[in-house]
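Everything below concerns the one structure shown next.
The values are calculated or read from the model by the stated rules, or taken from the named source; none is laboratory data. Owing to the predicted nature of the structure, the values given are computational and were not obtained by experimental measurement. Here the Cβ is made from the backbone with ideal geometry for all residues, glycine too, and neighbour counts use every protein chain on show. Protein only, heavy atoms only, side chains kept; ligands, DNA and RNA dropped before computing areas. Shrake-Rupley method; radii C 1.70, N 1.55, O 1.52, S 1.80 Å.
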Amino acid sequence: MAELVCVRRLSDQEGQQLLRITRRGTGSPIRLRRSMVVLASAGGNTVPAIARLVQADEDTIRQVIHRFREMGMASLDPQWAGGRPRQISPDEEQHIVETANTRPEKLGRPFTRWSIRKLADHLRLHATRRVRIGRERLRQILQRHRITFQRTKTWKESTDPHRDAKLARIEYVSSSFPQRVFAFDEFGPLARCHHRIILGGDTGAVAAST
C-alpha cells in the first residue's frame, strides 16, 4: 500500500494565515493554490481528492505537501525552489504558445486536447524544438496569454433516414406561412407560434403552421 501523504499538524498561526490567503483569493495564484493544497491536506483529504480539487496532477500535490513539511509557510512562496528558475526566452515562449494553440493530433499526439502535464511532457520530449519547463512556470505562461484547455462540444451527423424530408417540410412551411410559423432549436424559440407543430426529429429543428 502506498504511503499516505499529508501535512503535519498546523499551528494556530499557520492555520489563520492559510485561511486568510484562501478567503481573499488575491495575490500570487501559485501561493493561493499551494495554500489550498495544504489546508485540504490538513483537513484529512487524500492526494487524489486534492488533485481533483485544484486540477493538478498528484505528483505536484505530493511535492507541495513535502515542501511544507520541510519549510513551513516559506514553501508557499513561488521562489522557494532551489536556485533561480531557468529563463525562458521570448522565442521559446512563442513556441510554447503556438504549440498550446495547436490541436495535439496535428502534432502526432494520441489525444484530443492538452493538459498542463501533457503539454509539458510534449515540449520536453516530443516537440521539434524541445523546451524544458516546469508545470507551474508553464501554467503562468498560459495564464498570461489567456490560454485554457477546455473540452469542446462535438457535433455528429444525423442518422435519421427521414432527415431530408423533414427539413424540406420545415422549409416549405416556413416560407409559405411566414406569419403563422415558428421554429426553434436547442437555444429556444426563434419566433412566436401557434397551431400545429411539425417535428424535425434529431435534426434539432421544429416548425409549426396552421
Flag if THR60 is more than 18 Å from ARG117 (Cα to Cα) and among the β-branched types (Val, Ile, Thr): no
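For residues in segment 29-42 being open to solvent by 50 Å² or more (accessible area, probe 1.4 Å) and among the hydrophobic types (A, V, I, L, M, F, W, C), which is farthest from the chain's Cα centre (by Cα)?
ALA42
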Residue in segment 121-141 that is in contact with a Phe, Trp or Tyr (Cβ under 7 Å, 6 or more places away or on another chain) and touching a residue at least 24 places away in the same chain (Cβ under 8 Å) present: no
Residue check for VAL37: under 16 Å from ALA74 (Cα atoms) and at pLDDT 90 or above: yes
Lone unmet requirement of (1) open to solvent by 70 Å² or more (accessible area, probe 1.4 Å); (2) part of a helix (DSSP H, G or I); (3) at pLDDT below 85; (4) not hydrophobic (A, V, I, L, M, F, W, C) for GLU136: (1)
Test: residue in segment 140-160 that is open to solvent by less than 100 Å² (accessible area, probe 1.4 Å), in a strand (DSSP E or B) and at pLDDT below 70: no
Pairs with Cβ under 6 Å, 6+ apart, first in segment 65-86 and modelled with pLDDT of 60 or more, second part of a helix (DSSP H, G or I) and of a type in the set (Phe, Trp, Tyr): SER75/PHE68
Leading residue by the ranking (farthest from MET71 (Cα to Cα)) among those in segment 1-48 that are of a type in the set (Ser, Thr, Tyr) and not in a helix (DSSP H, G or I): THR26
Cβ pairs under 7 Å, 6+ apart, first in segment 95-107 and open to solvent by less than 80 Å² (accessible area, probe 1.4 Å), second part of a loop (DSSP other than H, G, I, E, B) and of a type outside the set (Val, Ile, Thr): HIS95/ARG129; VAL97/HIS145; THR99/ALA127; ALA100/TRP114; PRO104/PHE111; PRO104/ARG113; PRO104/TRP114
Residue identified as open to solvent by 70 Å² or more (accessible area, probe 1.4 Å), touching a Leu at 6+ places or on another chain (Cβ under 9 Å) and of a type in the set (S, T, N, Q) among THR22, THR26: THR26
For ARG117: the one exception among (1) assigned to a helix (DSSP H, G or I); (2) open to solvent by less than 50 Å² (accessible area, probe 1.4 Å); (3) modelled with pLDDT of 85 or more: (2)
Checklist (1) buried (at least 18 other Cβ atoms within 10 Å of the Cβ); (2) not in a loop (DSSP other than H, G, I, E, B) applied to GLU70, failing item: (1)
